[in-house]
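> Sharing a structure, written as structure tokens. Questions coming.
Please treat every number below as a calculation from the coordinates, not as lab data. The shown structure was predicted, so the numbers you read here are calculated from the model rather than taken from an experiment. Cβ sites come from the backbone with ideal geometry, for glycine too, and all protein chains shown count toward neighbours.
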Amino acid sequence: MVRLQEIRANEVAVEPPAATDAGLVFIGRIRTPWTSRLECPRQGRRDGPTCRIEIFEPWSPALAGIEAFEQLEVLYWLDQSRRDLVLQSPKNDGTTRGTFALRSPVRPNPIGTSLVSFVAREGATVLVRGLDCLDGTPLIDLKPDRCQFTPLAPPQPGDFQVGD
């Protein structure tokens, strides 16, 4: 069950340090049918509702060519999420895991990502399926799915290896 701001048994919250400006600029707004975390899906579904990604000016020309991709990666700011939990109990069963071992929206920097299916482009708006965020969520970035865009290079001599 989704929760709103409570701390479950065995969870640990910390006082985060003061924020510093990273120069982050929201480039758009996401429109979905969900207005509450209680109704928002936990993971996006490719057969879910069509959602709108509205790109702000002056960024709309950056959409040129977006229609060539079937899948897009969407990065967004989870503006209604807590930012202070370091240990969480996602199933409320008394077990805990570190925030970085979970896909929970509760994170120090609540950046969400979704791999979505491209539906259409209408001017400065991109229609997609597969989102799992609230209506009005600020957009950080939009890019083609890297697996469809560029093949990964084979390992090269001198590459970092686990255990180095």
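> Go through [x] 1.08; [y] 0.95; [z] 1.01 and flag the label whose value is the computed Rg/Rh (Cα atoms, Kirkwood Rh) for this structure.
Label [z] holds the value from this structure.
> Something else now. Calculate one ³J(HN,Hα) per residue across segment 18-32 by plugging θ = phi - 60° into the Karplus curve 6.51 cos²θ - 1.76 cosθ + 1.60, and present them in order as whole Hz with x for glycine and proline.
With coefficients 6.51, -1.76 and 1.60, one gets 4, 6, 10, 7, 8, x, 5, 10, 6, 9, x, 9, 9, 10, 10 Hz.
> In nm, to one decimal, how far is the modelled label at Ala18 from the one at Leu75, with both set 7 Å along Cα→Cβ?
2.6 nm
> Now, a different point. Taking H placed 1.01 Å from N in the peptide plane, check which residues at least 5 places from Asp145 or on another chain put their amide H under 5 Å from its amide H.
Those qualifying (amide H under 5 Å, at least 5 residues apart or on another chain) are Gln71, Leu72, Glu73.
> So what is the relative contact order of segment 34-164, in percent, for Cα pairs below 8 Å that sit 6 or more residues apart?
About 38 percent, as a whole number.
> Also, quick follow-up: Which residue, Pro17, Pro108, Pro154, tops the fluctuation ranking in a GNM of the chain built on C-alpha contacts under 10 Å?
Per the Cα network of the chain with a 10 Å cutoff, Pro154 tops the list.
> With a 10 Å cut-off between alpha carbons and a GNM built on the chain, which of Val12, Val128, Val106 moves the most?
Answer for the Gaussian network model of the chain: Val12.
> Find, among the trypsin sites (Lys or Arg not before Pro) in segment 72-156, those assigned to loop by DSSP (not H, G, I, E, B) with at most 12 other beta-carbon atoms within 10 angstrom.
Here the trypsin sites (Lys or Arg not before Pro) that fit, given the DSSP loop and packing criteria, are Lys91, Arg103.
> Just rank Thr99, Thr113, Thr137, fewest to most, by other beta-carbon atoms within 10 angstrom.
In increasing order of surrounding Cβ atoms, one gets Thr113, Thr99, Thr137.
> May I pose another question? Take the chain, mark every one of the chymotrypsin sites (Phe, Trp or Tyr not before Pro) that falls in a DSSP loop and has at most 16 other Cβ within 10 Å, then report the longest stretch left between them, sites excluded.
It runs 70-159.
> Could you list Ser60, Ser89 so that the one with the fewest beta carbons within 10 Å of its beta carbon is first and the one with the most is last?
Ser60, Ser89
> Set the Förster radius R0 to 45 Å, insert the Cβ-Cβ distance between Lys143 and Ala9 as r into 1/(1 + (r/R0)^6), and round the FRET efficiency to 0.05.
The formula returns an efficiency of 0.70 here.
> Please report the net charge: other residues with Cβ closer than 15 Å to the Cβ of Ile53, K and R +1, D and E -1.
The answer is -3.
> Report the residue, chosen from Asp84, Asp135, Asp47, that carries the largest GNM mean-square fluctuation when the chain is represented by alpha-carbon nodes joined by springs under 10 Å.
Of Asp84, Asp135, Asp47, the most mobile in the Gaussian network model is Asp47.
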